[in-house]
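Read the structure below first, then the notes.
The values are calculated or read from the model by the stated rules, or taken from the named source; none is laboratory data. The structure displayed is predicted, hence computed values, not measured ones. Every residue, glycine as well, gets a Cβ built from its backbone with ideal geometry; the counts of neighbours run over all protein chains shown.
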Amino acid sequence: MPESRYSILAIATIIVVGLGGSHCGASDEEQPPVSFESRRMEMVENQIVRRGVQDSAVIDAMRTVPRHRFVEDKYVKEAYGDHPLPIGEGQTISQPFVVAAMTEALGVGPKDTVLEVGTGSGYQAAVLAEIVNQVYTIEIIADLGKAAERVLNELEYKNVHVKIGDGYQGWPEHAPFHGIIVTAAPDHVPQPLTDQLAMWGRMVIPVGRDLQSLLVLTKTPEGIKREEKFGVRFVPMTGEALQNDDSGQ
Ligand code: SAM
């Protein structure tokens, strides 16, 4: 996948300024309602396909998962917008393009098992669940993890398993993983996650402080191959990641 396809600076950030004030009530009422499905199709065309995501399984998954179910009621109208949204507890659901690009970079398929660190709303887990065999996802904030699990159950994603805890140590009972996706940023790659990658498995992880690099790490017989994708801005990884700060990567 040539890097130039992702030439924009993708921002999976927290702060969405002025969301509450952007509605225009009168004209909304005059227009015929646009269905969530048609907003989703538009989102995929304009934000995902047009920006270079090509993997048909990823595109299909983004067309299928009802993103509006993973946001708070007050943001439902913004669910298919080209930006992240708050999900409570100071956390966010990532921009749709970032979800799609990270999923494509993971390079996983129907037989694979994936670990996600940072369940958040559960949306990324649902996108993965459309593509792979099993998804194990860990969330450190209990209320978020429980809410995500509830929505995933309502939508009958039976192949997603949510755990409340610190994802720094991974989920060794279900390792090795063909893919590991990390949606909160540590300032170094946690060694336990590298250890839990299957041979030729990939980890997609934002690394750094403030503005981060999205790294794709592949486990090969010769060691870990490292590729840098583009700049992103994720919430910091908390828990053990903050104690094991070595800033070296
Ligand atoms: N993937 C999510 C989604 O689809 O909504 C978005 C994730 S949000 C950008 C990052 C999440 O990582 C937050 O919910 C945060 O609480 C969680 N997080 C931060 N540090 C963590 C850790 N050490 N272990 C597990 N989750 C963590």
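T220 falls short of the stated requirement of being closer than 25 Å to V162 by Cβ and modelled with pLDDT of 95 or more.
Looking only at residues of region 15-55 that are at pLDDT below 55 and in a helix (DSSP H, G or I), we find that the one that is surrounded by the most Cβ atoms within 10 Å (Cβ to Cβ) is L19.
Checked against (1) in contact with a strand residue (DSSP E or B) (Cβ under 7 Å, 6 or more places away or on another chain); (2) modelled with pLDDT of 95 or more; (3) more than 9 Å from the ligand (Cβ to nearest atom); (4) of a type outside the set (D, E), Q249 passes all but a single condition, namely (2).
Can you find a residue that is among the small types (G, A, S), assigned to a helix (DSSP H, G or I), within 21 Å of A148 (Cα to Cα) and within 12 Å of the ligand (Cβ to nearest atom) anywhere in region 61-76? For region 61-76, residues among the small types (G, A, S), assigned to a helix (DSSP H, G or I), within 21 Å of A148 (Cα to Cα) and within 12 Å of the ligand (Cβ to nearest atom): absent. Where strands (runs of 3 or more DSSP E) sit wholly within region 116-220, those with at least 2 residues that are more than 14 Å from the ligand (Cβ to nearest atom) and in contact (Cβ under 8 Å) with a residue 24 or more places away in the chain occupy 177-182, 197-207, 212-220. Applying a threshold of 7 Å to beta carbon distances and a minimum spacing of six or more residues, or different chains, the list of pairs starting in region 23-51 at a residue that is farther than 15 Å from K77 by Cβ and ending at one that is in a loop (DSSP other than H, G, I, E, B) and at pLDDT 95 or above reads Q47/D82.
Would you point out the residue of region 113-142, among those that are charged (D, E, K, R) and over 15 Å from L197 (Cα atoms), that is surrounded by the most Cβ atoms within 10 Å (Cβ to Cβ)?
E139
How about region 91-114: which of its residues are within 16 Å of the chain's Cα centre (by Cα) and in a loop (DSSP other than H, G, I, E, B)? Result: S94, Q95, G107, V108.
The residues of region 77-103 that are away from the ligand (no atom under 12 Å from the Cβ) and either in contact with a strand residue (DSSP E or B) (Cβ under 9 Å, 6 or more places away or on another chain) or within 18 Å of A142 (Cβ to Cβ) (or both), listed by number, are E78, A101. When G179 is tested against the conditions (1) at pLDDT below 95; (2) surrounded by 14 or more Cβ atoms within 10 Å (Cβ to Cβ); (3) among the small types (G, A, S), the lone failure is (1).
Quick one: how many residues across region 77-90 are at positive phi and in a loop (DSSP other than H, G, I, E, B)?
Start the filter on region 77-90 by keeping residues that are at positive phi, which leaves 88-90.
From what's left, in a loop (DSSP other than H, G, I, E, B): 89-90.
Residues in region 77-90 being at positive phi and in a loop (DSSP other than H, G, I, E, B): 2 in total.
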